Every structure is written in C-alpha cells, then in structure tokens.
Ligand code: ATP
C-alpha cells in the first residue's frame, strides 16, 4: 500500500475548502492517516521545494506558502500517488479538467505563482521525503 503527502495550500485553507478537499480524498476511498494544520517556515519550504530553487516563481511560491496555515495530510491507498494527482488536476487551474479539485475549485488569479489549492507528491521517493519533512515525529 502506498502513501503520499497532500497539502491544502494557504489559498485552499483561506477559502474554506479544506473540508471539501478532504471529502473528495475520502470519497475516492483513500484513508487519512495523519493530519496537521500548521504554519510553514522558510527551512521547511526550502527543503520541500528544493527542486525549484532558482526558478523565477520560487520566491513568490515560498511567500505564498507562508501567507497562511497549510493543512498537511498523509494519505494512504492503492496507487494513491498517481491517483491523488489525477484527483487534483493539472498544475494550471485554468487548464485543469472539470471533475478535478483544481478544475472545479481553482482559477488563475493572474498572480506570479499558481495558487492551485493543493500539492501532492509525484513519486514514492518524493512521498517518503516529504512525509519526513512535514511529519518528522511520525
Ligand atoms: P504540486 O507539486 O504542487 O502538486 P505540480 O507538481 O503540478 O504541483 P510543481 O512543478 O511541483 O507543480 O510546482 C510546484 C508549485 O509551484 C506549483 O504547484 C505551483 O504552485 C507553482 N508553480 C509551478 N510552476 C509554476 C509556474 N510556471 N508559474 C507559477 N507558479 C508555478
């Protein structure tokens, strides 16, 4: 059985969509195995987004991720890593298909960074690394 790290980003929490997003995850049949609402600091975000360091959207991305609390979840299920990314839809909410979290609930606000409601790990290696960053005690 697989695990992934899901984040409801500050835009999702601010808009009151945490419950709706968790509902979709559970309705799909995945299991929530850990949950925490927390503020992310620079050290955590630098580690989480290490692969994007130096890209033009990196600084706005880190600022955005510090703009409010983030809901971190460890989600378990058969092929959940790919499955959650399908549920989330493509990175750009304008292009994300209806039926997906970003397609149904997200829009492009014309900002420097895509405020696209959620994050989901993209591989088993990233999932274990990211779970270790967000849930160091687990
Ligand atoms: P996530 O990893 O958040 O599920 P993703 O894999 O589709 O989404 P990444 O390529 O890992 O996206 O980028 C991380 C985040 O950085 C995106 O979710 C988005 O918020 C932001 N981002 C990525 N690419 C761009 C871009 N070209 N312009 C603005 N923001 C971007």
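Over region 23-104, what relative contact order in percent results from Cα pairs under 8 Å that are six or more residues apart? Write out the running numbers ahead of the final one.
Values: 80 pairs, mean separation 25.6, N = 82.
Reported relative contact order: 31 percent.
Here the relative contact order of the chain, from alpha carbon pairs under 8 Å that lie six or more residues apart, stands at 37 percent.
Compute the orientation-averaged projected area for region 70-127 from the convex hull of its Cα atoms and round it to one decimal in nm². Please list the in-between numbers first.
Numbers: hull surface 17.7 nm².
Its Cα hull, projected and averaged over all orientations, spans 4.4 nm².
Taking only the C-alpha atoms of region 1-94, the Rg (one decimal) and the largest Cα-Cα distance, Dmax (whole number), read 13.6, 38 Å.
A short reminder: the numbers here are calculations on the coordinates, not readings from a lab. None of the values given here were measured: they were computed from a predicted structure.
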